[in-house]
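Worksheet: the structure to be examined is printed underneath.
The values are calculated or read from the model by the stated rules, or taken from the named source; none is laboratory data. All values reported here derive from a predicted model rather than from experimental measurement. Quick reminder, even Gly has a Cβ in these numbers, built from the backbone with ideal geometry, and neighbours come from all protein chains shown.
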Amino acid sequence: MTKLLIKGGRVIDPAANLDGIRDVLIENGKIKSIGPRVKGQGARIIDAKGLLVLPGLIDLHTHLRDPGRPDKETIYSGSRAAALGGFTTICCMANTSPPIDNPAVVEYIIAKAKAESIVNILPIAAITKGLKGEEMAEMGRCFGEGAVAFSDDGRPVMRADVMRRALEYASQFGVPVISHCEDLNLSMEGSMNEGAVSTEIGLPGIPALSEEVMVARDILLAREFGRVHVAHVSSAKSVKLIRQAKREGVKVSCETCPHYFTLTEEAVKEYDTNAKVNPPLKTKADVKEIMRGLKDGTIDAIATDHAPHTIEDKNVEFNLAASGLVGLETGFGLVYTNLVDKKIMTLKQAVAKMTASPARILSLANKGALKPGADADVTIIDPKQEWLVDPAKFASKSRNTPFAGWQLKGKVLYTIVAGRVVVKDGKLAV
């Protein structure tokens, strides 16, 4: 395997508390050494002067639509979208067709990823059979085949007794249950946040309470029975509940997504279905608390919740449109532009939310850090370069983004997976 020497970049590795100009030597798919002047006899050199050299980004929350909806996304296309966004590891959710609710589908994902993916793909298996929230899926066997967590994401587990059993089972394997917090009895047929804007534009609302009630329930269950990770936190009260639970020592972690600290419910005022997400976009006060939660460590990670949909799924009446947006290719740019550049968080804090924290949540020993012996997953970014979000250039099969035409800062130039350069100069290299 070829040797690779990344020279003179600003290496930021929150796991090692490192932020400084260093060289990084990669050999046989692993990080060999890091230091001020590393010699790499015969190594191919990447000049990283003026660039950021980061552990490969990890996305805890991606929908790849495979098996079942190759018109929306595939492992092939999704992995390339991830690479362009600087992600070297992505976790794919179980709401496929059929769902990832048995070991055969886990095996299928891993085999297909081996054949077609250019990044690491880790399957998240379902909590319940058919994502119906009633009967437990074969969690043990799915874990045995390589599932790294369990979630019915896209649907909540409405029954507390089922959620309790899931937490108890998952704790045997040392992995989290990822909770989609939504009380269906409160969200009903709503399609955006309930409040002044929904009243003004005449769309049925989903109260923030729909998320908060389930966050509170799952915190109480986690206190007794296991470890819960709350997906896509969007509400100020949810952040406050999680902050308090953490203070009390409850085993709870959580993530938010770039759209929840970038957009408010105002984004749907023109009935833009690309801004229709679940949970829905909230108010300025919610955005402020999400940012505060990121800064003080209440919110552990930033995930994309990459949710590809066809034009047919989105180009319909708002109430009938599918929820979700594509996020892999804009994720880091939105984080850098809206959090780092605006001094909401330090660069090191932001990088931790996309590297070390996701690796810790999922106990990924050789990911999320640049220590010698770790997998050589590296992302190199030009922090000064501005770029235009152009959905026509996405590697994803879907184009459903509310950020089309936005100018973002922080351009991914290189993505390296196990020592293999998969993105070079901002373009796919494989």
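At a glance:
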{"quantity": "Among (1) in the same structural domain as Gly68 (by TED's automatic domain parsing); (2) crowded, with 21+ Cβ neighbours inside 10 Å; (3) within 14 Å of Thr273 (Cβ to Cβ), the one test that Gly333 misses", "calculated": "(3)"}
{"quantity": "Criterion (within 16 Å of the chain's Cα centre (by Cα) and not aliphatic (A, V, I, L, M)) met by exactly one of Thr401, Thr337, Thr310, Thr346", "calculated": "Thr401"}
{"quantity": "Wholly enclosed strands (runs of 3 or more DSSP E) of segment 30-139 bearing at least 3 residues surrounded by 23 or more Cβ atoms within 10 Å (Cβ to Cβ) and not aliphatic (A, V, I, L, M)", "calculated": "57-62, 87-92"}
{"quantity": "The listed residue being touching a residue at least 12 places away in the same chain (Cβ under 8 Å) and either within 18 Å of the chain's Cα centre (by Cα) or not assigned by TED's automatic domain parsing to the domain that holds Ala350 (or both), out of Val250, Val230, Val316", "calculated": "Val230"}
{"quantity": "Residue within segment 254-266 that is over 27 Å from Asp71 (Cβ atoms), of a type in the set (Ser, Thr, Tyr) and without any contact (Cβ under 8 Å) to a residue 24 or more places away in the chain present", "calculated": "yes"}
{"quantity": "Residues of segment 315-356 satisfying the condition of being touching a Lys or Arg at 6+ places or on another chain (Cβ under 8 Å) and among the charged types (D, E, K, R)", "calculated": "Asp341"}
{"quantity": "From Ile302, Ile381, residue being within 30 Å of Asp47 (Cβ to Cβ), hydrophobic (A, V, I, L, M, F, W, C) and touching a Pro at 6+ places or on another chain (Cβ under 9 Å)", "calculated": "Ile302"}
{"quantity": "Filtered residue count, segment 400-425, keeping only those that are in contact with a strand residue (DSSP E or B) (Cβ under 7 Å, 6 or more places away or on another chain), within 23 Å of Leu64 (Cβ to Cβ) and either part of a loop (DSSP other than H, G, I, E, B) or without any contact (Cβ under 8 Å) to a residue 12 or more places away in the chain (or both)", "calculated": "4"}
{"quantity": "Scope segment 212-268; condition of a type in the set (Asp, Glu) and closer than 20 Å to Leu186 by Cβ; matching residues", "calculated": "Glu212, Asp218, Glu265"}
{"quantity": "Unmet criterion (only one of (1) out of contact with any Lys or Arg (no Cβ under 7 Å at 6 or more places or on another chain); (2) crowded, with 20+ Cβ neighbours inside 10 Å; (3) not aromatic (Phe, Trp, Tyr)) for Thr273", "calculated": "(1)"}
{"quantity": "Test: residue in segment 144-156 that is surrounded by fewer than 22 Cβ atoms within 10 Å (Cβ to Cβ) and free of Cβ contacts under 8 Å to residues at least 24 places away in the same chain", "calculated": "no"}
{"quantity": "Pair list, Cβ under 9 Å, 6 or more apart: segment 190-216 residue outside the structural domain of Arg164 (by TED's automatic domain parsing), other residue at pLDDT 95 or above and surrounded by fewer than 19 Cβ atoms within 10 Å (Cβ to Cβ)", "calculated": "none"}
{"quantity": "Selection count, segment 360-373, where residues are touching a residue at least 12 places away in the same chain (Cβ under 8 Å), surrounded by fewer than 22 Cβ atoms within 10 Å (Cβ to Cβ) and under 24 Å from Asp23 (Cβ atoms)", "calculated": "3"}
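Conditions tested, residue by residue: (1) among the hydrophobic types (A, V, I, L, M, F, W, C); (2) over 18 Å from Asp161 (Cβ atoms).
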| site | (1), (2) |
| --- | --- |
| Val175 | yes, yes |
| Ala196 | yes, yes |
| Arg217 | no, no |
| Lys240 | no, yes |
| Glu255 | no, yes |
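Residue by residue, here is whether (1) touching a helix residue (DSSP H, G or I) at 6+ places or on another chain (Cβ under 8 Å); (2) farther than 17 Å from Ile361 by Cβ holds:
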residue: Met188; (1), (2): no, yes
residue: Asn193; (1), (2): yes, yes
residue: Glu200; (1), (2): no, yes
residue: Leu203; (1), (2): yes, yes
residue: Phe225; (1), (2): yes, yes
residue: Ala231; (1), (2): no, no
residue: Gln244; (1), (2): no, yes
